[in-house]
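Here is the structure we will look at, set down as structure tokens.
The values are calculated or read from the model by the stated rules, or taken from the named source; none is laboratory data. The structure presented is a predicted model; accordingly, all values stated were derived computationally and were not measured. Quick reminder, even Gly has a Cβ in these numbers, built from the backbone with ideal geometry, and neighbours come from all protein chains shown. Side chains are part of the model used for accessible areas, which takes the heavy atoms of the whole protein and leaves out ligands, DNA and RNA. Shrake-Rupley method; radii C 1.70, N 1.55, O 1.52, S 1.80 Å.
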Amino acid sequence: MITLTVNGTQHQVDLEPDTPLLWAIRDAVGLTGTKFGCGIAQCGACTVHVNGQAMRSCSVPIGGLDGANVTTIEGLSPDSKHPVQAAWLAEDVPQCGWCQSGQIMAAVAFLKQNPAPTDADIDAGITNICRCGTYERLRRAIHRAADLMKA
Amino acid sequence: MDGNRTTPILTRRHFIVTAATAAGGLMIGISAMPHLARAASVMGQPWNDDTAAAHEIDAWIVIDPDDSVLIRYQRSEMGQGSMTAVPMMLNEELQADWSKVRIEYASANRNHREKKIYGDQNSNSSRTINGSQVLVQKVGASARERLIAAAAAKWGVAATECASANSVVTHKPSGRTLRYGELAAAAATVKLDKEPAIKTPDQFTFIGKSQPRVDVVHKINGAAKFGMDAQVPGMVYAAVLQCPVPGGKLKSVDEAVVAGMPGNPVVVKLADAVAVAAEGTWWRARQALARLQPEWDVGEAGNTDSAQFFREYRAALDGPAKTARKQGDVDQAVPAGGKTFEAVYETPYLSHSPMEPLNATVHLQADRIDVWVGTQDAYEATEKVAKFAGLEAEQVYLHNSFVGGGFGRRDVSDEIAHAIAVAKVVKKPVKLIWSREEDTRHDKMRPMAVTRFKGVTGADGMPTALSIRTVAGSIVKAAGIPLPPNGVDFVAVAGLAGNGYASIPNVNVDYVMRDTHLPVWWWRAPGQNQNIFALESFIDEMATANGQDPYQFRRKMLAGKADWLAVLDAAAEKGDWGKPLPKGTGRGIAICDDAGSLCAQVAEVTVSPKGELKVNRVTVVMDTHYIVNPLSIAEQAEGSVIFGLSAALYGKIEVKNGVPVQGNFDTYRMVRLAQAPKIDVHLLASGGPKWGGAGEPAVPPLSGAVANAIFAATGKRIRSLPIMDHDLSGST
Ligand code: FES
Ligand code: FES
């Protein structure tokens, strides 16, 4: 039995320790906002925060996470008004949307480290894949979010 | 059956992006000016488990007494924005208050029961808009006239004295008003003597103004429900492994090895695959599947590889061919002072790789089946489900979801077939998910092609003859569409037979159909996505060898074609064509017509002395003839550039021992932010009889524009894709 606190709620997860956090979140906790894209830490669709750090949950076994604090896209803000979410709306970023939970979670963690990033910082810091190709708006949205967070 | 009903999230926080139309010009601005505004909405769950509702005006429109309006959208939302744009077209006529409009998917089940009241339900070939426009305008106009008739009857006045706007009918002489919510019940019973005429484009007041897409609010907080997000009580999870050599069969598999593994795994044998269903998590199913060591019957295909395929395709260039187009005599003598050209272009197999791997959740019962899936064609998928399940289409309840990327892949329904096959064995609801590796390797691929060009230019440097022969797989055959009498797959030669260059007097276009064991299918801008790369590169070869500017060369070839020239000229102007560039940097240009629209692009690239390539900027000009939602058209153009660029730079599915090699994003690479160029999009709306599509036309020109830019920067001609296979070092 592994104890995970997901978005502030404690869950006792009765799964094998090699279970990737992604599947514990989606199939056991029942939160489906975190997405499966590749399963090998390549695409970032599954990005969540573990104890405040962005992690690709498809490649993090829950065995090492007993007692961890996990934040998923559903827990990012109570009202979808986190500055990154607001910036995403303003720039109309998502197309199909499948990658976007991961993009947003990656961007939130990234902006904590780089509150005023340059384009080059963003290019180096956000490596998630978007098959729909929303990068142009995504880049603008990260700058906008940085501005909103400053204000 | 409401196992998957989720709490509706009725967020109404939206931003609007306004479009500023350049005064007197045709260029549509897409400047993002976000401010809070009123807009329509959708729920996180786009389908409705009920197929009918109280207060229906008709199958498309529900108006409640409180004036809220529900518009049913009959196709799919996969990021292309049509779930917003199609209801916008309907509302152009209906004249409802857009802020009170909610949108949901139309039921495919009802469409089957009510004689296709919603028409076709596919979202492919970029035809969601042009395939819906007349139909939904008629639906909206009819409802509006019935609302007006209901008001006129209440007042005892002539309908011609009434007008409607913003969900209110006004009796013009007296100024009396009635709200749509007060009229809906009566309007539903009105029979019009004559259906009203629909508006012509000059009468539009709503179409053409940027609206935020209704789905976006749910795609920033995890609320949007995709196929893979379905949760059905009692469901088990299934993973599948298909024969590694596509087309092969399962011989045998030892099921005993999974005994005792977590989740009580059950092995299900299919003709060409093996699946495992497990309780609790999909991971358990996948772990159990990984332990199986199936024996496969792969046949002759097991001895094939890509190099051999390309050799065979090249050899087929000199064999028999079918004629797609013939004009003049390509073999006449080369004019004095003329030049001859010959080049062979090659493009590999590609996987669609939508971001959401294929999946389907099914609940099969004796007299009913529920399917949760993201499909590009809910109507056709319903028919297929009925066949797979042995039921009638009326017994199929397909809950179409938000689609996590389609690009042409999500209308085959092979993933649904797997899920139903497993459900028949385990007799429980099943959520079946393909791994990324299955999704990539068992794609229905973009065909590979080898294309040979022979060109002749005259003393003035302009082409006098062009002879093209392409050897390529046949999507048309794969789709079961009869070939035309000339035996030519018209998709395989799309773009080659014309592309606007009608000024060349002597032209031959031939086709050789050649397939391998890899199945092929529609892939964003089918045919054109590879043919335009080849053609626009070869045009560039002739231009540059004759010392001509590639843009001016195309201008001359397009002489007299005002619509093409407008797009080409705008791309050159916006893309800074001709402005000085540093050493190692070059610009390339390409143009095509696709899905009824014209698109030209200028790409700017830099190649370092070490051979590193960076695409700095891509300028897109697209003429879709009409524009419903400028914002989502611009987004489609931006996305198409990236989609095309992943293919141009990295895209290839190789085959070794019959097995597709690339399986995941570590080897089937995608453009990420670091490689994403700046993209500027400019839209034109030239009008005319046809509405063009927007989801595909910006894919084909990209690879040609980039390859031509590389030539401008380096003098190296790229004649095969992907570009990463070419060594550009020392060329700048
Ligand atoms: S699913 Fe985890 S990185 Fe792709
Ligand atoms: S929005 Fe579709 S993959 Fe990013």
- Message: Take the residues in region B:621-640 that are more than 13 Å from the chain's Cα centre (by Cα) and among the hydrophobic types (A, V, I, L, M, F, W, C); name whichever of them is farthest from B:VAL681 (Cα to Cα).
- Response: B:VAL628
- Query: Say we look at region B:580-636 and pick out the residues that are touching a strand residue (DSSP E or B) at 6+ places or on another chain (Cβ under 8 Å) and of a type in the set (Lys, Arg); which of these is farthest from the other protein chains (Cβ to nearest Cβ)?
  - Reply: B:ARG587
- Failed condition for A:VAL108, given (1) in a strand (DSSP E or B); (2) open to solvent by less than 10 Å² (accessible area, probe 1.4 Å); (3) more than 11 Å from chain B (Cβ to nearest Cβ); (4) not charged (D, E, K, R), with all others met? (1)
- Out of B:ARG110, B:ARG144, B:ARG102, B:ARG127, report the one residue that is open to solvent by 10 Å² or more (accessible area, probe 1.4 Å), assigned to a helix (DSSP H, G or I) and under 28 Å from B:VAL396 (Cβ atoms). B:ARG110
- Message: What's the number of the only condition in (1) among the hydroxyl-bearing types (Ser, Thr, Tyr); (2) free of Cβ contacts under 8 Å to residues at least 60 places away in the same chain; (3) more than 15 Å from ligand 1 (Cβ to nearest atom) that A:THR32 fails to meet?
- Response: (3)
- Query: Residue check: is B:ALA603 crowded, with 21+ Cβ neighbours inside 10 Å and in contact with a Gly (Cβ under 7 Å, 6 or more places away or on another chain)?
  - Reply: yes
- Over region A:23-40, the set of residues more than 8 Å from chain B (Cβ to nearest Cβ) and under 13 Å from the mean Cα position of the chain (by Cα) is A:ILE25
- Identify, please: which residue in region A:4-38 is part of a strand (DSSP E or B) and among the β-branched types (Val, Ile, Thr) and is, among those, surrounded by the most Cβ atoms within 10 Å (Cβ to Cβ)? A:VAL6
- How about region B:253-305: which of its residues are at positive phi, open to solvent by less than 70 Å² (accessible area, probe 1.4 Å) and within 14 Å of chain A (Cβ to nearest Cβ)? B:GLY263, B:GLY280
- Note on the structure: Flagged in region B:467-481 as open to solvent by 10 Å² or more (accessible area, probe 1.4 Å) and assigned to a strand (DSSP E or B), in numbering order, are B:SER467, B:ARG469
- Among the residues listed as B:ALA185, B:ALA239, B:ALA224, the single one being within 14 Å of another protein chain (Cβ to nearest Cβ), over 21 Å from B:LYS138 (Cβ atoms) and either in contact with a Gly (Cβ under 7 Å, 6 or more places away or on another chain) or in a helix (DSSP H, G or I) (or both): B:ALA224
- Restricting attention to region A:118-151, the residues that are at negative phi, open to solvent by less than 10 Å² (accessible area, probe 1.4 Å) and away from ligand 1 (no atom under 16 Å from the Cβ) number exactly 8
- Query: In this structure, is A:LEU76 away from ligand 2 (no atom under 16 Å from the Cβ) and closer than 21 Å to B:GLU437 by Cα?
  - Reply: no
- Item | Residues being open to solvent by less than 10 Å² (accessible area, probe 1.4 Å) and of a type in the set (Val, Ile, Thr) - total across region B:506-536 | 4
- Item | Those residues of region A:42-58 which are near ligand 1 (Cβ under 7 Å from one of its atoms) and open to solvent by 60 Å² or more (accessible area, probe 1.4 Å), in sequence order | none
- Task: Residues being within 15 Å of ligand 1 (Cβ to nearest atom), facing another protein chain (nearest Cβ under 8 Å) and of a type in the set (A, V, I, L, M): count how many of those fall in region A:92-105.
- Result: 1
- Note on the structure: Note on region B:653-679: residues away from every other protein chain (no Cβ under 14 Å) and within 18 Å of A:CYS38 (Cα to Cα) are B:ILE653, B:PRO660, B:VAL661
- Message: I'd like to check which helices (runs of 4 or more DSSP H) are fully inside region B:351-466 and have at least 1 residues that are within 27 Å of B:MET43 (Cα to Cα) and in contact with a strand residue (DSSP E or B) (Cβ under 7 Å, 6 or more places away or on another chain).
- Response: B:378-389, B:414-426
- Message: Can you list residue pairs whose Cβ atoms sit under 9 Å apart, with the first residue in region B:350-363 being on the phi > 0 side of the Ramachandran plot and within 13 Å of chain A (Cβ to nearest Cβ) and the second being within 15 Å of ligand 1 (Cβ to nearest atom) and of a type in the set (Gly, Ala, Ser)? Count only pairs 6 or more apart in sequence or on different chains.
- Response: B:SER353/B:GLY405
- Item | Residue among B:ALA648, B:ALA705 that is open to solvent by less than 10 Å² (accessible area, probe 1.4 Å), touching a Gly at 6+ places or on another chain (Cβ under 6 Å) and in contact (Cβ under 8 Å) with a residue 60 or more places away in the chain | B:ALA705
- Message: I need a count of the residues in region A:111-139 that are over 24 Å from B:HIS352 (Cα atoms) and either more than 8 Å from every other protein chain (Cβ to nearest Cβ) or among the hydrophobic types (A, V, I, L, M, F, W, C) (or both).
- Response: 14
- What number goes with the only condition from (1) surrounded by fewer than 21 Cβ atoms within 10 Å (Cβ to Cβ); (2) in contact (Cβ under 8 Å) with a residue 12 or more places away in the chain that B:ASP666 does not pass? (2)
- Item | Residue count for region B:519-540, restricted to those that are more than 17 Å from B:ALA449 (Cβ to Cβ) and in contact with a strand residue (DSSP E or B) (Cβ under 6 Å, 6 or more places away or on another chain) | 0
- Message: When you scan region A:4-22, do you find a residue that is within 16 Å of ligand 2 (Cβ to nearest atom) and hydrophobic (A, V, I, L, M, F, W, C), even just one?
- Response: no
- Message: Looking only at region A:50-71, how many residues end up being in contact with a helix residue (DSSP H, G or I) (Cβ under 6 Å, 6 or more places away or on another chain) and in contact (Cβ under 8 Å) with a residue 40 or more places away in the chain?
- Response: 3
